[in-house]
Structure formats: structure tokens, C-alpha cells
Amino acid sequence: MASSFFLVSLLAIMVIGAASASNMNNHFDITWGDGRGKILNNNELLTLSLDKASGSGFKSKNEYLFGKIDMQLKLVAGNSAGTVTAYYLSSQGATWDEIDFEFLGNLSGDPYTVHTNVFSQGKGNREQQFHLWFDPTADFHTYSILWKPQRIIFSVDSIPIREFKNSESIGVPFPKNQPMRIYSSLWNADDWATRGGLIKTDWTHAPFTASYRNFNADACVVTSGGSSCGSTSNSVSGSNNNKAWLSQELDSTSQERMRWVQKNYMIYNYCTDTKRFPQGLPKECTLS
């Protein structure tokens, strides 16, 4: 069947070009968890753990304003119900911006839920959720955020799963002015994470551990108000730097892959939730 052929081609993409090893200690600080976060294997591997007493987390040393962020993750294996592994970009303050991947654990044998969201000026409510076409606990897979002034693209193993376009022209805020750091945390959210909180964390399986490696940020680093791209947030362009991601678009093949993922693996889309938005769907949902 065509779908089977398509899946084979997608799986082939996953094998091509694994990211080179990176020194996690150069890029991240463990920020909480009282020793539950660790950098191991000559600084090539970072792990976060969760037990009944505490979870753990880290953040990037750098702040970024646009770029392509890649990280390989291997999620909590076995019965991970109640746990959440969050991996996201975020600024600070009451009107923060944020771009989210969250991985909601589940009972052994049931799929993880991949939760995505975009916040701008402190407001989110733009959730899309997916299952995956592989077991994200069996091996490492690459989760990417492409953040440009015109769009945000979420990808898994180079396969786009979601695109959020800049719709400021119709009054929709878009994250483009606030530098953001990368954050990740592993924590207990059994009041809501698995089947709406019906299934609680089974602490007999603790500690729960998520692993990270092969981080890469082809991005504009912001320091002391300046950018490594030599430009302000509103005028980043290919003319003043060599960032290939600035010209990256979803070509017809990428659009076809994204449609395939959304048709077969999307389990929630805020743009179709009329019960949640009885006064009308958000403005950006009206755009093609």
C-alpha cells in the first residue's frame, strides 16, 4: 500500500545523517533535581531522572533569537504513566514566549503523546498532539524546532509534524522579539498527563530516566543585547549571515510528509475544537 511505502521512506530518513556528538557540558547547566540530572560519557550524554521525591531539569547557557535547534532524546521506557518530559524554548517574564515539545508518558505498550504548543506574549492555547510512528523509548530520535521570523516548524527525525506561521497581519501575536533559552525537565504530572489524570504514577518503577545527546543549535546567539547574526529580530536576513535555516521552507515533499503525519498520527488539533472555542476558532485557524 502507498502508506506502507511512505512509512518505509520515512524510516529511511531517520537513519540518515545522525548528528555528531556534542559536549553537553558546554551547552547546558543542570538547574534543579539535587543530583538527579547528570552529564555522563565524556560530556556526550545528559540524563534527567524522576523519583517520588523530585524530578530534575536543565537549561541552556545561551539565549537564542531564531534558529534551528536539534536534540536527540530517548524517553522514559516501560510504564511511564504520569510522567512528563518537557523540552522547549522559553523567555522570561509575565508576557513570555515559548515553543513546546512535551512528551506525556503512558502505560507500557501504549503510545506516548507528543504535545506541542506555541506561546506569544504569555498566551498559548495552541495545542496540537500526536502519537509517533516508532517507539520513542527504544532508541534516540531527533526532535527539532525551526524558529524563523515567518514560521515555526516542529520536526521529528527531519519529518515535519507541525507548522505555525506568523499571522501578525491578522492580529495574531508571534514570538519574534524575546530571546529564549532551551529548557528541559522530567517531572510528575499524574494529575493530568495520562488519560486526563485517571492513571497515576507507579513509583515502584522509579527512578524514571530520560536521555539527551547530539545537541546542535544552528542559531542566533544573543549576548548583551547583540546577536551573533548581527541583526535585530525584525530584520534577520540571509544577506548578513550564512544561516542556511533562514531560507528553509516546506517544499512539496515536506508538505506531503507533514500531511501524512497529521492524517495518521495527530490526535488533537485546537483548530478543530469548536467546543473549546464556542465564540469562534482562533484567527490563524482560518488560514490555509
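Taking into account only those residues within the stretch 34-61 that are polar (S, T, N, Q) and surrounded by fewer than 19 Cβ atoms within 10 Å (Cβ to Cβ), which is farthest from Val156 (Cα to Cα)? Lay out the reasoning, then the answer.
Initial filter on the stretch 34-61 (polar (S, T, N, Q)): 41-43, 47, 49, 54, 56, 60.
Add one more test, that the residue is surrounded by fewer than 19 Cβ atoms within 10 Å (Cβ to Cβ), and what stays is 41-43, 54.
Details: Asn41: 25, Asn42: 26, Asn43: 24, Ser54: 29 Å.
Here the residue is Ser54.
For the stretch 42-69, the tally of residues that are in contact (Cβ under 8 Å) with a residue 60 or more places away in the chain and more than 27 Å from Thr223 (Cα to Cα) stands at 7. Just so you know, in the stretch 237-278 the residues that are closer than 24 Å to Phe66 by Cα and in a loop (DSSP other than H, G, I, E, B) include one that is modelled with the lowest pLDDT, and it is Ser237.
When Pro173, Pro179, Pro111, Pro136 are checked against the criterion of being at pLDDT below 95 and on the phi < 0 side of the Ramachandran plot, Pro111 stands alone in meeting it.
Can you tell me which residues in the stretch 153-185 are part of a strand (DSSP E or B), closer than 30 Å to Ser49 by Cβ and not polar (S, T, N, Q)?
The answer is Phe154, Val156, Ile159, Ile161, Arg162, Met180, Arg181, Ile182, Tyr183.
In the stretch 202-220 there is at least one residue matching the filter, namely being in contact with a Ser or Thr (Cβ under 8 Å, 6 or more places away or on another chain), touching a residue at least 40 places away in the same chain (Cβ under 8 Å) and assigned to a loop (DSSP other than H, G, I, E, B). Residues satisfying the criterion are present in the stretch 80-98 (criterion: in a strand (DSSP E or B), more than 30 Å from Leu281 (Cα to Cα) and within 19 Å of the chain's Cα centre (by Cα)).
The values are calculated or read from the model by the stated rules, or taken from the named source; none is laboratory data. This structure is a prediction, so every number in the text was calculated from the model and none was measured. Reconstructed Cβ throughout: ideal geometry from the backbone, glycine too, with neighbour counts over all protein chains shown.
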